[in-house]
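What follows is a single structure, written as structure tokens, with notes after it.
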Amino acid sequence: PYANGSIYSIAIQSDGKIVVGGYFTQIGGQIRNYIARFNPDGSLDTTFDPDANNPVISIAIQSDGKILVGGYFTSISGQPRNYIARLNPDGSLDTNFDPNASNSVYSIAIQPNGKIVVGGAFTTICGQTRNYIARLNADGTLDTTFVNPKANSAVLSIAVQPDGKILVGGQFTTIGG
């Protein structure tokens with residue numbers, strides 16, 4: 001389906017529905033601000049409209065079906081959310097999840113244990129100093145057992161290997177000392 005801007009992230013839910021995020025305000029012939037969902041047949045899911053106020057850059061689906069989104073937004077579903085939010089499977093905002101990043105979130109990866117690794121341009125998250133990369137518990141609180149790797153610039157991409165090791169890419173030239 002046609003979008004009037006770029007798609008930056010795509011995630012597939014367990015029911016086959018496709019969540020997309022990016023720099024668009026129209027997709028599939030309908031107004032959708034920066035995030036939309038398609039049915040498995042490719043038709044727009046008209047029941048899903050979280051309405052972000054700025055682009056959604058990263059999407060990840062948790063094992064319980066909840067949808068993690070990161071990007072440039074500071075509100076979603078009409079509620080303040082700084083750069084990271086979680087949606088319920090129906091697209092409504094999960095009001096219990098609010099890590100409150102200090103700047104954009106570019107990448108989200110979920111580890112097999114349910115912990116959430118996020119990267120971006122932020123220097124604080126959950127009210128704590130974390131330079132460009134952090135790990136959250138499944139409920140959105142900061143995982144303080146994850147040593148702050150102290151990247152010196154933005155983390156743009158994160159992948160979790162099957163053995164649990166975390167790969168990161170971005171604009172940094174030093175990380176982990």
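What is the percent carbon and sulfur in the accessible area of the range 1-110, measuring with a 1.4 Å probe over the protein chains and ignoring ligands?
Values: 2050 of 4690 Å².
Percent of accessible area from carbon and sulfur atoms in the range 1-110: 44.
Provide the per-residue ³J(HN,Hα) series for the range 109-118, in order, calculated from phi with Karplus coefficients 6.51, -1.76, 1.60 and θ = phi - 60°, each as a whole number of Hz, with x at glycine and proline positions.
For the range 109-118, the Karplus-derived couplings read 9, 10, 7, x, 7, x, 6, 10, 9, 10 Hz, x marking Gly and Pro.
I'd like to check one number: the per residue accessible area of the chain, probe 1.4 Å, reported in Å² as a whole number.
45 Å²
Under the rule of at least 5 residues apart or a separate chain, name every residue whose amide H is placed under 5 Å from the amide H of LEU87.
Amide H to amide H, under 5 Å and 5 or more residues apart or across chains, LEU87 pairs with ILE67, LEU68, VAL69, ASP94.
If I take every Cα pair under 8 Å that is 6 or more residues apart in the range 1-81, average their sequence separation and divide by the length, what percent do I get for the relative contact order?
Values: 194 pairs, mean separation 20.2, N = 81.
With pairs under 8 Å counted, the relative contact order is 25 percent.
Which whole-number percent is the relative contact order of the chain (Cα, under 8 Å, 6+ apart)?
RCO, the chain: 12 percent.
Return the sequence-ordered ³J(HN,Hα) values of the range 42-47 in whole Hz as given by the Karplus equation 6.51 cos²θ - 1.76 cosθ + 1.60 applied to θ = phi - 60°, using x for Gly and Pro.
Residue by residue, the range 42-47 yields x, 7, 5, 7, 6, 8 Hz.
Per residue of the range 137-142, in order, report the coupling 6.51 cos²θ - 1.76 cosθ + 1.60 (Karplus, θ = phi - 60°) as ³J(HN,Hα) in whole Hz, putting x for Gly and Pro.
For the range 137-142, the Karplus-derived couplings read 6, 4, 8, x, 7, 5 Hz, x marking Gly and Pro.
Which of rounded, prolate, oblate describes the range 117-177, given a ≥ b ≥ c as roots of the alpha-carbon gyration tensor eigenvalues and a/c under 1.5 marking rounded, otherwise prolate only if a/b is larger than b/c?
It comes out oblate by the Cα gyration axes.
Under the classification rounded if a/c is under 1.5, otherwise prolate if a/b is larger than b/c and oblate if not, where does the range 43-120 fall, given a ≥ b ≥ c as square roots of the Cα gyration tensor eigenvalues? Walk me through the intermediate numbers first.
Numbers: a/c = 1.58, a/b = 1.10, b/c = 1.44.
Oblate shape, in that a/c is at least 1.5 and b/c is the bigger or equal ratio.
Enter the accessible area of THR123 (Å², nearest 10), with the probe set to 1.4 Å and all protein chains included.
60 Å²
Would you work out which of ASN53, ASN148, SER14 lies farthest towards the positive end of the dipole of the chain? Charges go on Cβ: Lys and Arg +1, Asp and Glu -1.
The one lying farthest along the dipole's positive direction is ASN148.
Rounded, prolate or oblate: which one fits the range 1-99, using the alpha carbon gyration tensor with axes a ≥ b ≥ c (rounded when a/c is under 1.5, else prolate when a/b beats b/c, else oblate)?
oblate
Distance from the Cα centre of the range 28-59 to that of the range 90-110, in angstrom?
Cα centroid of the range 28-59 versus Cα centroid of the range 90-110: 16 Å apart.
The values are calculated or read from the model by the stated rules, or taken from the named source; none is laboratory data. Quick caveat, the model's predicted, so the values are computed rather than measured. Counting neighbours? That spans all protein chains shown, and the Cβs are built from the backbone with ideal geometry, glycine included. These accessible areas exclude ligands, DNA and RNA; they are computed on the full protein's heavy atoms, side chains included. Shrake-Rupley method; radii C 1.70, N 1.55, O 1.52, S 1.80 Å.
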